[in-house]
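Asker: Below you'll find the structure I mean.
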Amino acid sequence: MNLPVAHTGNYKRIRFAAAIVFTELLLMMFSGVSFSQLNGAAFFSFEADPLYWIIFGLKIPQTIIQHLWIGVIADILVLLLLILFLRNPGSNKIVWILMPLLLILYVTITGYLAHRNFQAGYVWFFFPFLFAKTVNRNFAYEATRYFLLFFYVSAAVLKLSNNLSFSPAHFSDFLVNQFSPYFLESNTGWRTDLNLFLIQHKSFSGFLYVSSIVIELLALIGFFTKKYDRWIAFLLYAFHFTNWIIMDIAPIGQLGFLALLFCREQLISPEKVKGQTSNFSKTASYKYVKKVLLIQLLKNLCRLVRNKLKKL
Amino acid sequence: MKRLFLYQLGRHSRLAAAATILFILCYAVLYSKKMDMALFPYNRMFATVPENNRSSKIYAVKLNNNRIGYTKYFYWKKDFLEQAATKFALYWKNDHKNFMDLYLAQKIKDPSNRNFLAQRLTPEQPILKKWAQWYCSYADHPSPAGSVVSLIEYTMNFDQPQPYLLDSTEITSIIIGK
């Protein structure tokens, strides 16, 4: 029997999403942020986060940063494992090494940066691929997808709970800080002009802030239906790129993670969950299997008829 | 009900469902305790009320009285140089204490335990020289012996159509020894 898409190794979209993650990491490394390039950094700081306490408590980032050779090996390992994953997204063994390594990279970078504005999506992207069995991977993908949606929805809830949507001047106040180093260094251009325009036009910048809350809230739709996943992804991409232009906050690290919203059809299989028909049965891969089975059935019928005819 | 993710997960594996519920509960606890930096960087998501003023503080490093610029670099390096200077300046202004120093002092009463954790969760002292040398070399400005490295706080005002520099203060400086 022909197997569903996820089993046959047709990972085109997953590979594409993983290629985005790979590009994001390459961009980070070539711009000067990686284990080896932070060698010798002495100052780190983080807040109340048990994940950081454990990893820094074990002195993992400190050891990597103080020894250049460990940093170089770790950087090479990250890229090598990513290439191997791109070649074979079905192998969960690669991910069992890659994901913890990326998590350590993320914790190291943000710990030494002492600020959490680097996106963590490139770590969580790999969560579904930790699982070998398709059914487990399906569930992990579903969980990751819900977490992604929750991330954006909760950002909107945080803003609404602080009554920020009703104060249009707030966004203008935020924007004062976003490009100030560019002004200090007289490195100005169209983005700094736009920044000044938005600082001075508080109602327009307030409108943009409310629009961002609306986009984040729209991710809520994803909790009820998967039909609009790609539209949610497009809106969130638009949100991130606008942020980059207006606020100088690059979304790199999150782009590949968002691309997971396009991979549902290749990850979800029509397997039944312990004899119970799941709502996965509505997916494209299910339709694909139905089509394959139908073709197989027709072929067998044709063969049967041909044999019968021959006998006659 | 039968279409709910958790229900389906529970039918498939009780252990996985329990782990998911535990994760949700832990996340809710962290969230309720305002530990919104955990697991996913909320970074407060610009959901805090900003100071209602039209000025901005910028921190930069000067090497032999020449400011090390960073906006010319690609995003991450620019961000690293900007934030590293800012956070180190705030740490220095706060009597060389960061969040974890204050947190451990408040939460852990036993001095030996506190020291054990502080060794791992706070930067090693003395730090100024190491940090200054690292910052300069990371910004592609080597600092040979005898160089003077200063950390400066600038205040820029935005109350006019064009922003202007209002003030600059030296936070600390160090002569790099041999």
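The values are calculated or read from the model by the stated rules, or taken from the named source; none is laboratory data. From a predicted model like this one, the values you see are computed outputs, not experimental measurements. Here Cβ is always computed from backbone atoms with ideal geometry, including for glycine, and neighbour counts include all displayed protein chains. Please note that ligands, DNA and RNA were not included when accessible areas were found on the heavy atoms of the full protein model with its side chains. Shrake-Rupley method; radii C 1.70, N 1.55, O 1.52, S 1.80 Å.
Asker: Pick out which of B:A47, B:A84, B:A132 has the largest mean-square fluctuation in a Gaussian network model of chain B, springs linking Cα atoms closer than 10 Å.
Answerer: Maximum fluctuation in the GNM of chain B, among the listed residues, is at B:A47.
Asker: Note down the nm distance, to one decimal, between modelled labels 7 Å out along Cα→Cβ at B:N113 and at A:L194.
Answerer: Simple spin-label model gives 5.1 nm for this pair.
Asker: Which one of A:L148, A:F85, A:S161 is farthest out on the positive end of the charge dipole of segment A:51-209, using unit charges on Cβ (Lys, Arg +1; Asp, Glu -1) and the Cα centre as origin?
Answerer: Of the candidates, A:F85 comes out farthest on the positive side.
Asker: Then there is this: Partner chain Cβ atoms within 10 Å, averaged over the residues of A:201-207 - can you pull that number for me?
Answerer: Per residue, the number of nearby Cβ atoms from other chains is 0 on average.
Asker: Distance in nm between label sites at B:E170 and A:K299, each 7 Å beyond Cα in the beta-carbon direction?
Answerer: For the pair B:E170/A:K299, the computed spacing is 8.2 nm.
Asker: Could you provide, to the nearest whole Å², the per residue accessible area of segment A:1-138 with probe 1.4 Å? Mind dumping the intermediate values first?
Answerer: Details: 5400 Å² over 138 residues.
For segment A:1-138, the solvent-accessible area averages 39 Å² per residue.
Asker: Rank A:F174, A:F129, A:F35 by mean-square fluctuation in a GNM of chain A with C-alpha springs under 10 angstrom and give only the top-ranked residue.
Answerer: A:F174
Asker: Of the options B:A28, A:C263, A:V135, report the single residue whose Cα projects farthest towards the positive end of the charge dipole of the protein assembly as shown (beta-carbon charges: Lys, Arg +1; Asp, Glu -1).
Answerer: A:V135
Asker: How high is the FRET efficiency between A:L217 and A:N243 when r is their beta carbon distance and R₀ equals 22 Å, given to the nearest 0.05?
Answerer: It comes out at approximately 0.85.
Asker: Is the shape of segment B:137-178 best called rounded, prolate or oblate, per the rule: a/c under 1.5 gives rounded, else a/b larger than b/c gives prolate, else oblate, with a ≥ b ≥ c the square roots of the Cα gyration tensor eigenvalues? Spell out each step's value before the answer.
Answerer: Values: a/c = 5.47, a/b = 2.51, b/c = 2.18.
It comes out prolate by the Cα gyration axes.
Asker: Continuing with the same structure: How big is the dipole moment of segment A:1-120 about its Cα centre under a simple scheme where the beta carbon of each Lys and Arg is +1, that of each Asp and Glu is -1, and everything else is neutral? Debye, nearest 20, please.
Answerer: It comes to approximately 420 debye.
Asker: Among the listed pairs B:K87/B:K129; A:K159/B:K33; B:K107/B:K129; B:K93/B:K129; A:K12/A:K299, which are separated by more than 20 Å between their Cα atoms?
Answerer: Among B:K87/B:K129; A:K159/B:K33; B:K107/B:K129; B:K93/B:K129; A:K12/A:K299, the Cα-Cα distance tops 20 Å for B:K107/B:K129; A:K12/A:K299.
Asker: Excluding residues on the same chain fewer than 8 positions from A:K202, give the aspartates and glutamates whose Cα lies under 20 Å from its Cα.
Answerer: Filter leaves A:D173, A:D193, A:D248, B:E51, B:D159.
Asker: Before anything else, pin down the relative contact order of chain B: Cα pairs under 8 Å, at least 6 apart, normalised by residue count, whole percent.
Answerer: Contact order relative to length: 23 percent.
Asker: Looking only at A:S186, A:S31, A:S45, which one moves most when chain A is put into a Gaussian network model with springs between Cα atoms under 10 Å?
Answerer: Per the Cα network of chain A with a 10 Å cutoff, A:S186 tops the list.
Asker: Let me ask something else. Under a Cβ-Cβ cut-off of 13 Å, what is the net charge of the residues other than A:I221 that fall near it, where Lys and Arg count +1 and Asp and Glu count -1? Before the final figure, lay out the partial values.
Answerer: Details: positive: A:R145, A:K226, A:K227, A:R230; negative: A:E216, A:D229.
After counting each charged neighbour, the total is +2.
Asker: So for chain A, taking the charge dipole from beta-carbon charges (+1 Lys/Arg, -1 Asp/Glu), which of A:A74, A:L196, A:A42 sits furthest toward the positive end?
Answerer: So the residue furthest toward the plus end is A:A74.
Asker: Something else about it: Measuring from label point to label point, each 7 Å out along Cα→Cβ, what is the A:E185 to A:Y228 span in nm?
Answerer: If labels sit at A:E185 and A:Y228, their model points lie 4.1 nm apart.
Asker: Same structure, new question: Please state the relative contact order of chain A as a whole percent: Cα pairs under 8 Å, 6+ residues apart?
Answerer: So the answer I get is 24 percent.
Asker: Before rounding to the nearest 500, sum -39500 (n - 2.57) across all DSSP H runs of length at least 4 in chain B and divide by the residue total; then give [θ] at 222 nm in deg cm²/dmol.
Answerer: Numbers: 6 runs with 77 residues, N = 178.
Computed ellipticity for chain B at 222 nm equals -13500 deg cm²/dmol.
Asker: Can you check what the net charge comes to around B:L63, using other residues whose Cβ is under 14 Å from the Cβ of B:L63 (Lys, Arg +1; Asp, Glu -1)?
Answerer: Net of charged neighbours comes to +1.
Asker: For every helix of n ≥ 4 consecutive DSSP H residues, a contribution of -39,500 (n - 2.57) applies; sum these over chain A, divide by its total residues, and give [θ] at 222 nm rounded to the nearest 500 deg cm²/dmol.
Answerer: The helix contribution divided over chain A gives -21500 deg cm²/dmol.
Asker: Cα to Cα, under 17 Å, and not fewer than 8 places away if on the same chain: which aspartates and glutamates meet these conditions relative to A:K291?
Answerer: Result set, ordered by chain and number: A:E265, A:E271.
Asker: Further question: Only Lys, Arg, Asp and Glu count, each charged at its Cβ (+1, +1, -1, -1), so figure out the dipole size of chain A about its Cα centre, rounded to 20 debye.
Answerer: Here the size comes out at about 2900 debye.
Asker: Could you give each residue of segment A:88-98 its phi-based ³J(HN,Hα) in whole Hz, using Karplus coefficients 6.51, -1.76, 1.60 with θ = phi - 60°, and x for Gly or Pro?
Answerer: 9, x, x, 8, 7, 5, 4, 5, 5, 9, 5
Asker: I've got another one for you. Around A:W96, what is the net charge, scoring Lys/Arg as +1 and Asp/Glu as -1 over all other residues with Cβ under 15 Å from its Cβ? Don't skip to the answer; put the middle values down first.
Answerer: Details: positive: A:K93, A:K133, A:R137; negative: none.
Around A:W96, the surrounding residues sum to +3.
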